[in-house]
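The values are calculated or read from the model by the stated rules, or taken from the named source; none is laboratory data. Keep in mind it's a predicted model, so treat the numbers as computed, not measured. A quick note on method: Cβ atoms are made from the backbone with ideal geometry, for glycine too, and the neighbour counts reach across all protein chains shown.
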Amino acid sequence: MANQGLKKAIGLAAVSIVLLVEFSMFYDFFYPFRFLWSQGLITELLLSVVVFLWSLAGVFLVFFGGRSLFRTITLPFFIFFYLSNIGSFFVSNGPIDFQQADLIVSYFQWWAGAVVENIGLAVLPLLIVLVPLILVVERLPRLFTLNIRGRLYAVPVLTVPLVFIALLLSDGVFDRYPSFFRVPALLAFAGQSDLYSAERSDVSYSGSFESQVEKIVLIVDESIRADILGINGYVKDTTPYLRSVDEGLVNFGLAASASNCSDYSNLILRTGIRKEAIPDRVQRSLRIPSIWQLTGRAGFYNVYLDAQSAEEWANYQNFMNEHEATHVDEILRLRQDLAYDSDTVARDRLTELLKQPGKTFIMLNKSGIHFPYFRSYPKDFKLFTPALDPGEPMNDRERSLNSYMNGVRWSVDDWFRNLLSEREVFRKYVIIYTSDHGQNIVDDGTLATHCRPRANRFEGIVPMMVFSNDSEILEQFEASQTTNYDQTSHFQVFPTLISLAGYNELWVRNHYGASLKEPVGTPPEFFVGDAFGRGSVREWVPIFPRRD
């Protein structure tokens, strides 16, 4: 009897250690408890706590439940989810959360390919121990002879749907469950979490239009980190051309993206939802008029250049859908077989549009510098060495950074050199240039580059530049440059665009906030987590170090 008690104590201690390791991966384990309590969601909190306690018993029975064919079949899945969560922590410095689950469900084929190519070596040890760990855990009931009935194995199996229900009740806020059950439940929760996708509301503006310019262009680059641009004072000269431009450019230095994820940043740039409305639990950003509706109402011909999608795909990204697309006069999907050629084709098309007469609004999503970075420039364009070669792991920061800087020279500096070489024949234009988010280039020792639940500040540092051939417009932006240098954010882009399109500036300020011509009054920071408030991650991260 004493021996049996000792075995149970050892088993409980082992499970306790597993759970402590699990829960230590959360930055603030008790946040969901406090949040639900502060919001008065007591019923949701109590039900979540009950399921949480049930899940603790479920973990013990995963390891020591009586052996059966059903256990043999399902056990590998539980172990796989557990190791996947550990892998996520190693790669991104955080456990799998709703945002990552949503990414896996929505873009599984792309996600799987990215994992294999970019972080495969980092998670390979976990895959190696997967089968041996399954075999060991499968035999634990025999080794410990705790005589637990096989039917009790129903407890961990039932925990998955119970956790799923609890996630539904709390909108994913309470997710502090063991990964054996949390990961599959999060995937199911993300899969059923539908967003508003019908028509947007009409533009409610009754004033006159006094457009300031003939061509308005918004360029959203991919993964450009502003503090690694030479024009912003980086130690290496990654942008010699931009640094040499002495007219026609107003540089606002380092700016904050709206999010550290592409889709949320692009949505906010296209809809102008205000910072104070994030997280957007009522999905207002999916219902209010898009930029296309406002520029179209002002008499502009709308063109969308998508260098990230191929012509044959005929898809939409970044929460755009067929209803929003009806307000775009021309959509060109320009992705090429070689990634770095995509922006070249997009630049040529943009050049043509800037020469043609007529009021035109153009939004360009560039291909930019997506990981793996060596795909962002030709093989013979290695100005910074040593750089990554195909198949090399990204954990070598020197090589990764050099590859990234090569991409900057090709995709940013040389790109603008070629575009602006023809600016003398362009119609009257304004170009606002930014990026969807920044990058973690192994800055904290982890491989995930962005869209992480525990983001560092570099993931939200983006450029903010204004190009124009109109002296009056340049003077307006130059007047605010001193005040707004290193202080702007994505939330100022939309009001700037529609002001240029001719909307009354007081109306713009009242409905959408400050433009780039005005001080915003809040520090530059970006949102980490689901922009619609699903899941437990919701934090504003400043792009400059905190001063305690």
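Residues that are assigned to a helix (DSSP H, G or I) and within 18 Å of Leu364 (Cα to Cα) within the range 276-311 comprise Ile291, Trp292, Gln293, Leu294, Thr295, Gly296, Glu311, listed in sequence order.
Residue selection: Ser367 satisfies the criterion of being modelled with pLDDT of 95 or more and within 20 Å of the chain's Cα centre (by Cα). For the range 447-481, a residue qualifies if it is under 21 Å from Trp540 (Cα atoms) and among the hydroxyl-bearing types (Ser, Thr, Tyr), and exactly one does: Thr449.
Determine, yes or no, whether Val250 is in the same structural domain as Cys451 (by TED's automatic domain parsing) and assigned to a loop (DSSP other than H, G, I, E, B). Reasoning before the result, please.
Details: in the same structural domain as Cys451 (by TED's automatic domain parsing): yes; assigned to a loop (DSSP other than H, G, I, E, B): no.
The answer is no for Val250.
You will find that of Ala310, Ala255, the residue that is surrounded by fewer than 18 Cβ atoms within 10 Å (Cβ to Cβ) and touching a strand residue (DSSP E or B) at 6+ places or on another chain (Cβ under 7 Å) is Ala310 and no other. In the set (1) hydroxyl-bearing (Ser, Thr, Tyr); (2) within 16 Å of Tyr177 (Cα to Cα); (3) surrounded by fewer than 18 Cβ atoms within 10 Å (Cβ to Cβ), the condition left unmet by Thr72 is number (2). In this entry, Leu401 passes the filter for residues that are in a helix (DSSP H, G or I), closer than 19 Å to Val91 by Cβ, out of contact with any helix residue (DSSP H, G or I) (no Cβ under 6 Å at 6 or more places or on another chain) and aliphatic (A, V, I, L, M).
In this structure, Ser84 does not qualify as among the hydroxyl-bearing types (Ser, Thr, Tyr), modelled with pLDDT of 95 or more and in a helix (DSSP H, G or I). Among the residues of the range 40-72, write down those that are under 15 Å from Pro141 (Cβ atoms) and among the β-branched types (Val, Ile, Thr). Matches in the range 40-72: Val59, Val62, Thr72.
Residue check: is Phe494 buried (at least 24 other Cβ atoms within 10 Å of the Cβ), in a helix (DSSP H, G or I) and not polar (S, T, N, Q)? First the steps, then the outcome.
Values: buried (at least 24 other Cβ atoms within 10 Å of the Cβ): yes; in a helix (DSSP H, G or I): yes; not polar (S, T, N, Q): yes.
In short, yes.
Looking only at the range 477-491, residues that are crowded, with 19+ Cβ neighbours inside 10 Å and either part of a helix (DSSP H, G or I) or of a type in the set (Phe, Trp, Tyr) (or both) come to 5 in all.
Applying the set (1) at pLDDT 95 or above; (2) closer than 19 Å to Gln481 by Cβ; (3) assigned to a loop (DSSP other than H, G, I, E, B) to Gln212 leaves exactly one unmet item: (1).
Does Tyr433 qualify as being farther than 25 Å from Arg538 by Cβ, among the hydroxyl-bearing types (Ser, Thr, Tyr) and part of a loop (DSSP other than H, G, I, E, B)?
no
The residues in the range 301-320 that are charged (D, E, K, R) and modelled with pLDDT of 95 or more can be counted, and the count is 1. Against the conditions (1) buried (at least 18 other Cβ atoms within 10 Å of the Cβ); (2) farther than 25 Å from Leu267 by Cβ; (3) of a type in the set (Val, Ile, Thr), Val235 satisfies every one except (1). Here Tyr153 passes the criteria (1) at negative phi; (2) assigned by TED's automatic domain parsing to the domain that holds Ser38; (3) out of contact with any Lys or Arg (no Cβ under 6 Å at 6 or more places or on another chain) except the one numbered (3).
Which of the residues belonging to the range 157-189 are small (Gly, Ala, Ser) and either outside any helix (DSSP H, G or I) or in the same structural domain as Arg538 (by TED's automatic domain parsing) (or both)? Step through it out loud before you land on a result.
First, pick out the residues of the range 157-189 that are small (Gly, Ala, Ser): 166, 170, 172, 179, 185, 188.
Gly172 - this is the single residue of the range 157-189 that is small (Gly, Ala, Ser) and either outside any helix (DSSP H, G or I) or in the same structural domain as Arg538 (by TED's automatic domain parsing) (or both).
Leu36 falls short on exactly one of the conditions (1) out of contact with any Asp or Glu (no Cβ under 9 Å at 6 or more places or on another chain); (2) part of a helix (DSSP H, G or I); (3) in contact (Cβ under 8 Å) with a residue 40 or more places away in the chain, and that condition is (1). Do any residues in the range 346-359 that are more than 11 Å from Tyr301 (Cβ to Cβ) have Cβ atoms under 9 Å from those of residues that are buried (at least 20 other Cβ atoms within 10 Å of the Cβ) and charged (D, E, K, R), where the two are at least six apart or on different chains, and which pairs are they? Between residues of the range 346-359 that are more than 11 Å from Tyr301 (Cβ to Cβ) and residues that are buried (at least 20 other Cβ atoms within 10 Å of the Cβ) and charged (D, E, K, R), the close pairs are Ala346/Asp306; Ala346/Lys366; Arg347/Lys366; Leu354/Lys215. Consider the range 471-522 and keep the residues that are within 28 Å of the chain's Cα centre (by Cα) and charged (D, E, K, R). The one that is nearest to Met363 (Cα to Cα) is Lys517.
Scanning the range 190-206 for residues that are assigned to a helix (DSSP H, G or I) and under 18 Å from Asp263 (Cα atoms) returns Ala190, Gly191. Scanning the range 120-161 for residues that are at pLDDT below 75 and under 33 Å from the mean Cα position of the chain (by Cα), we see that the one that is farthest from Ser48 (Cα to Cα) is Leu121.
With Val328, Val412 as the choices, which residue is part of a helix (DSSP H, G or I) and either of a type in the set (A, V, I, L, M) or touching a Phe, Trp or Tyr at 6+ places or on another chain (Cβ under 7 Å) (or both)?
Values: Val328 fails: part of a helix (DSSP H, G or I).
The unique qualifying residue is Val412.
Please indicate, with yes or no, whether at least one residue in the range 176-186 is free of Cβ contacts under 8 Å to residues at least 12 places away in the same chain and under 20 Å from the mean Cα position of the chain (by Cα).
Step one: of the range 176-186, the residues free of Cβ contacts under 8 Å to residues at least 12 places away in the same chain are none.
No, every residue in the range 176-186 fails to be free of Cβ contacts under 8 Å to residues at least 12 places away in the same chain and under 20 Å from the mean Cα position of the chain (by Cα).
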